[in-house]
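The next block holds one structure in the form of structure tokens; read it before the comments.
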Amino acid sequence: MATDGPALAELLLQRLERAGGGGLGSLEAAAALGLEHQHVTVPVLHSSPVCSPQVIEAEQRSSKRWELTPEGKEIVQEGSHEARVFDSIPAEGLPQSELMKLPSGKVGFSKAMSNKWVRLDKNADGGPRVFRAVESVQDSVREKLQLVQQGEAESLEEKDRNELKKRKLLMEVIIKTYWIRKGSAFSTTVTKQETDLTPEMLASGSWRDLKFKAYNFEALGIMPESGHLHPLLKVRTQFRQIFLEMGFTEMPTNNFIESSFWNFDALFQPQQHPARDQHDTFFLQDPAEATDFPMDYLKRVKKIHSQGGYGSQGYKYDWKLEEARKNILRTHTTAVSARMLYRLAQQKFTPAKYFSIDRVFRNETLDATHLAEFHQIEGVVADYGLTLGDLMGTLREFFTKLGISQLRFKPAYNPYTEPSMEVFSYHRGLQKWVEVGNSGIFRPEMLLPMGLPEGVSVIAWGLSLERPTMIKYGINNIRELVGHKVNLQMVYDGPLCRLDS
Amino acid sequence: ELCFQFGLELDEITSEKDIISKEQGGGKAEGASDIILYKIDVPANRYDLLCLEGLVRGLQVFKERIKAPRYKRIMPANGGVQRLIITEETAQVRPHAVAAVLRNITFSKDRYDSFIDLQEKLHQNICRKRALVAIGTHDLDTISGPFTYTARPPSEIRFKPLNQSKEYTASEIMDLYRTDSQLKHYLHIIENKPLYPVIYDSNGVVLSMPPIINGNHTKITLNTRNVFVECTATDITKAKIVLDILVTMFSEYCEKQFTHKCNFLCNMLEKVKPDLINKKIGISEKPSSLAKLLTRMCLKSHVTGSGNNIEIEIPPTRADIIHACDIIEDAAIAYGYNNIQMTIPKTYTIANQFPLNKLTELLRQDLAAAGFTEALTFALCSQEDIADKLGVDISSTKAVHIANPKTAEFQVARTSLLPGLLKTIAANRKMPLPLKLFEISDIVIKDSTKDVGARNQRNLCAIYYNKNPGFEVIHGLLDRVMQLLAVPPSKASGYLIRAAEDSAFFPGRCAEIFAKGQSIGKLGVFHPDVITKFELTMPCSALEINIEPFL
């Protein structure tokens, strides 16, 4: 019987036509057509160019069936092990050792013994010897298996079936079958359908007369091969873009190693401040100390800490150069802002807007949302007469570009800004106000020793890059985002970063 | 909401069981039988808000329910002012001490607990775990002045410590508390000093051995009427602040409220121009309303002269005010941050990108377009990552070493991007092959020409991981990068690669890359040892170059 597509399909379609509206089962169809069932399953049929889902419809069903195992099939052919053992024993008997060498020896012998078909004479000359115990035997195991092979397993008693199953001669298999019905475009005549357009069809114009197999629009296409940008850095690109749109110049933050002087002292952060503790900051063993400082400025910084000045009482403690010399991994990019503002102060003052997005380091306890290094986003504006209202207005514009419109400001404390304000936005998902950034006006004790003119105010704000990214991409564990434990599948699958949508 | 305006953070509202919670008393009388507890975060410089007494006082003044108290120093009626004599031996260990007396105080259980709690909070905060300042409080009626603050060898100090039943020498006391969960953290402050600080009364009774423990003799109880407070310190400014806070907070419970005897307590007068306040905040309030705003922040203020000055009385509780800008902030808080009109500064500037970042951004886009996926790895790593695992000795790297890493992951700053990418692949071994990754980021190397002795260098690194080494893929990527940088393959003015040896790479499978007349990096097939050490099982090739010469 031919089993190639069109011929098979045509036969099946004819049977289906005869079966009428009720349809027919795939198992019976296969039996009637003399085919293996696997040739009549729906995936096979639908892959045939003539039997699209419109021509035939199918519904999956499953049924149980008893089948012989390979060993069971062998028994149908050759007889059961015990029968074979019986048959191989001649009238004068057989030494047990030789019997055991037969292929069915071991299993057959014990079964034949328990059936009392054979007997063992342990005291025979030349070792134990096996003799027939009955004249003839009836091989009921083989008979039962023959019934199963003929599809009449149901006629066996359950206890027999279980016994044969236990002996691994029978198995119960679940077969997926299909109930096949006529489809909306049913026809018994088979037209060969083309898979797709070919250059030859275009050249000959044959495409005009051909039928084309329907596409399955439910299936997904094939993803293009490509590289992918990292989600956190995609967000970084957007933040850079926002700052550039707002006229902010990028600061050179490519210096992870910083002296305590620029990281803390220049920012009027006292030397006993907890942030300068071993527990919070990574200190360097090598190179342990910075060597070069603008000495005039350093003296002014020392004075403002230890004695005050510029209208300030200072902190009144013994400021030590050794503390300022200590090298650290910078704890904030504000250290770079301090360097930039100092540089700005060394020339005739012109207004400036600066930004940076780069790594900072904290010797902190790590958890699902905190790592020892993260990216800080920072914006700074320096000009005459900037007000707290200007800071808030700038923040409003900045956050609007991030798609955050509802803002609230809370008084806060920060050693180098006064006034300081935390920025909160209303999170619709969480239904509460969440902190989105920190901001303030740099203290005169920081700016005046640098040499900036008295009327100049510097407003600044900062936030982390990781937090908005985790919220944007719905990531709960920061390790899936940053570092080598990144989930690359997440990187592959990540959408564009559009902060305002 | 009130907390938010005032700059406090309402952490959570919890049940009465939460012992460290504080009741927020905005509208209610303090001590009300309200079982709901409010856990509040106060700004780190506002020591006056660390106890319920100060917090409630601050909020009630803010809401104009009560007037700000004026703290006064009074002389004892019977004339005898207590004195604390500091001997010069203390200079070697803990040179400063200040003291005060709270007279005719009435404690209750709650007040007493709050008194102890405030001392503990101050110890943890401004006192830097007692290293800078340590507080001792004593029942004045059990001792008689003048008191002596001195330092003695540990063997000569002998007393019965607080809540102990027998006397110990100072050395024994140190041993006694070595296992105490609380006190063991303070022992190191004096442990290795030849002399230990100690305070005696005129009869030789030990008041305390700061910063470790008080004597049991002067223990205060609910019945104590007069409290002697001493603060010993290595920082005199902080000692004064701590003493001021403690006595101002608890003088509320003295017979004459807010009065006590003390060494330093004083109100300071500051003058700020109303104009300046308006200008810095961006509001236009009348001087009189500015004065009213400040008064609500416990800064009693009034307009002086022809209205062009505001005189502000700064109470001893507000040690955080050291400059006019601190006063301006309080005016802004009282005005309400969220009532300030938002404005956009007129500052006109032209933006510039940092050239190195600009180049990085452009290259990233095209490396992804070339089929490589961007990784983002840590700048800190273990010595092993940059040395042993790549087959080099740590001393031959120019790595920057961290002095206080909590784990091996933070021993050094990376000197190469390779280990990070290899670890990224190891963590993603289940992903379909090939894995093609890149990173453009900074490494850190020692450089004695820099003020801090080290500098960053922007590197580009790419890695190919598959069943075959794929040297040609990585080599092709180098060619593509050079194409993007408009550097032609040529010996004279372009780039070339030349066979090289490197312990990280398989012998004969490594080349050095030259461009712009200098060596910019290497490419090659990893040495099997490197692959194994990074827990990988496939061949792998990589490329790492410095991109700074292409600026």
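Tabulated data
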{"item": "Residues (facing chain B (nearest Cβ under 7 Å), open to solvent by less than 10 Å² (accessible area, probe 1.4 Å) and among the β-branched types (Val, Ile, Thr)) located in the stretch A:239-260", "result": "A:Ile257"}
{"item": "Test set (1) open to solvent by less than 40 Å² (accessible area, probe 1.4 Å); (2) more than 9 Å from chain B (Cβ to nearest Cβ); (3) under 30 Å from B:Ala413 (Cα atoms) - A:Leu402 fails condition number", "result": "(3)"}
{"item": "Residue list for the stretch B:377-399, filter: open to solvent by 10 Å² or more (accessible area, probe 1.4 Å) and part of a loop (DSSP other than H, G, I, E, B)", "result": "B:Phe378, B:Ser382, B:Gly391, B:Val392, B:Asp393, B:Thr397, B:Lys398"}
{"item": "A:Lys353, sole failed condition from (1) more than 25 Å from B:His323 (Cα to Cα); (2) within 11 Å of chain B (Cβ to nearest Cβ); (3) in a strand (DSSP E or B); (4) open to solvent by less than 10 Å² (accessible area, probe 1.4 Å)", "result": "(4)"}
{"item": "Cβ-Cβ under 7 Å pairs, at least 6 apart or on other chains, the stretch B:358-376 side touching a residue at least 24 places away in the same chain (Cβ under 8 Å), far side in a strand (DSSP E or B) and among the basic types (Lys, Arg)", "result": "B:Thr360/B:Arg458; B:Gly371/B:Lys436; B:Phe372/B:Lys436; B:Thr373/B:Lys436"}
{"item": "A:Asp196 surrounded by fewer than 14 Cβ atoms within 10 Å (Cβ to Cβ) and outside any loop (DSSP other than H, G, I, E, B)", "result": "no"}
{"item": "Subset of the stretch B:422-436 that is among the aliphatic types (A, V, I, L, M) and at the interface with chain A (Cβ under 8 Å from one of its Cβ atoms) - its residue that is farthest from B:Asn357 (Cα to Cα)", "result": "B:Met431"}
{"item": "Flag for A:Gln278 being within 7 Å of chain B (Cβ to nearest Cβ), open to solvent by 30 Å² or more (accessible area, probe 1.4 Å) and in contact (Cβ under 8 Å) with a residue 40 or more places away in the chain", "result": "yes"}
{"item": "Check on A:Gly126, open to solvent by less than 90 Å² (accessible area, probe 1.4 Å) and either closer than 19 Å to A:Val76 by Cα or at pLDDT 85 or above (or both)", "result": "no"}
{"item": "Selection status of B:Phe250, among the hydrophobic types (A, V, I, L, M, F, W, C), within 25 Å of B:Asn104 (Cβ to Cβ) and modelled with pLDDT under 85", "result": "yes"}
{"item": "Where A:Met201 falls short, out of the listed (1) assigned to a helix (DSSP H, G or I); (2) at the interface with chain B (Cβ under 8 Å from one of its Cβ atoms); (3) free of Cβ contacts under 8 Å to residues at least 12 places away in the same chain; (4) open to solvent by less than 30 Å² (accessible area, probe 1.4 Å)", "result": "(2)"}
{"item": "Considering residues of the stretch A:307-346 that are assigned to a helix (DSSP H, G or I) and of a type in the set (Lys, Arg) only, the residue farthest from B:Lys238 (Cα to Cα)", "result": "A:Arg343"}
{"item": "Of all residues in the stretch B:351-360 being at the interface with chain A (Cβ under 7 Å from one of its Cβ atoms) and surrounded by fewer than 17 Cβ atoms within 10 Å (Cβ to Cβ), the one that is nearest to A:Gly389 (Cα to Cα)", "result": "B:Ala351"}
{"item": "All positions within the stretch A:317-365 that are free of Cβ contacts under 8 Å to residues at least 60 places away in the same chain and of a type outside the set (Lys, Arg)", "result": "A:Tyr317, A:Asp318, A:Trp319, A:Leu321, A:Glu322, A:Gln347, A:Thr350, A:Pro351, A:Val360, A:Thr365"}
{"item": "From the options B:Ala131, B:Ala97, B:Ala91, residue that is within 24 Å of the chain's Cα centre (by Cα) and either over 15 Å from B:Leu207 (Cβ atoms) or in a strand (DSSP E or B) (or both)", "result": "B:Ala131"}
{"item": "Sole exception among (1) small (Gly, Ala, Ser); (2) crowded, with 18+ Cβ neighbours inside 10 Å; (3) modelled with pLDDT under 90; (4) not in a strand (DSSP E or B) for B:Gly307, by number", "result": "(2)"}
{"item": "Enumeration of residues in the stretch B:521-551 that are in contact with a Lys or Arg (Cβ under 8 Å, 6 or more places away or on another chain), in a loop (DSSP other than H, G, I, E, B) and surrounded by 15 or more Cβ atoms within 10 Å (Cβ to Cβ)", "result": "B:Phe534, B:Leu536, B:Met538, B:Pro539, B:Ile547"}
{"item": "Every residue from the stretch B:400-419 that is open to solvent by less than 50 Å² (accessible area, probe 1.4 Å) and either among the acidic types (Asp, Glu) or under 17 Å from B:Gly521 (Cα atoms) (or both)", "result": "B:Arg414, B:Thr415, B:Ser416, B:Leu417, B:Leu418, B:Pro419"}
{"item": "First in the stretch B:163-183 and open to solvent by 50 Å² or more (accessible area, probe 1.4 Å), second anywhere and among the basic types (Lys, Arg), Cβ under 7 Å, 6 or more apart", "result": "B:Lys166/B:Lys160; B:Glu167/B:Arg158; B:Glu167/B:Lys160; B:Arg178/B:Lys184"}
{"item": "Members of the stretch B:184-212 that are part of a strand (DSSP E or B) and aliphatic (A, V, I, L, M)", "result": "B:Val198, B:Ile199, B:Val206, B:Leu207, B:Met209"}
{"item": "Count - residues of the stretch A:257-306 that are in a loop (DSSP other than H, G, I, E, B), at pLDDT 90 or above and of a type in the set (D, E, K, R)", "result": "1"}
{"item": "Candidate set: the stretch A:281-297, residues that are open to solvent by 30 Å² or more (accessible area, probe 1.4 Å) and under 23 Å from B:Lys446 (Cβ atoms); chosen: the one farthest from the other protein chains (Cβ to nearest Cβ)", "result": "A:Pro294"}
{"item": "Flag if A:Leu233 is within 8 Å of another protein chain (Cβ to nearest Cβ) and in a helix (DSSP H, G or I)", "result": "yes"}
{"item": "Residues of the stretch B:370-406 that turn out to be within 9 Å of chain A (Cβ to nearest Cβ) and more than 29 Å from B:Val481 (Cβ to Cβ), as a count", "result": "6"}
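Each row is one residue, and each column tells you yes or no for (1) within 11 Å of another protein chain (Cβ to nearest Cβ); (2) open to solvent by less than 50 Å² (accessible area, probe 1.4 Å); (3) under 27 Å from B:Gly7 (Cβ atoms).
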residue	(1), (2), (3)
A:Asp390	yes, yes, yes
A:Gln406	no, no, yes
A:Pro419	yes, yes, yes
A:Gln431	no, no, yes
A:Gly451	no, yes, no
A:Arg467	no, no, yes
A:Gly474	no, no, no
A:Ile478	no, yes, no
A:Val486	yes, yes, no
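So that you can scan it fast, the table gives a plain yes or no per residue for (1) under 27 Å from A:Gln269 (Cβ atoms); (2) modelled with pLDDT of 95 or more; (3) in contact with a His (Cβ under 6 Å, 6 or more places away or on another chain); (4) not in a loop (DSSP other than H, G, I, E, B):
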residue: B:Asp326; (1), (2), (3), (4): yes, no, no, yes
residue: B:Tyr348; (1), (2), (3), (4): no, no, no, no
residue: B:Gln353; (1), (2), (3), (4): no, yes, no, no
residue: B:Leu356; (1), (2), (3), (4): no, yes, no, yes
residue: B:Leu363; (1), (2), (3), (4): no, yes, no, yes
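The values are calculated or read from the model by the stated rules, or taken from the named source; none is laboratory data. Predicted model only: the values in this text are computed from it and were never measured. Reconstructed Cβ throughout: ideal geometry from the backbone, glycine too, with neighbour counts over all protein chains shown. Areas reflect the complete protein model, heavy atoms only, side chains present, ligands, DNA and RNA absent. Shrake-Rupley method; radii C 1.70, N 1.55, O 1.52, S 1.80 Å.
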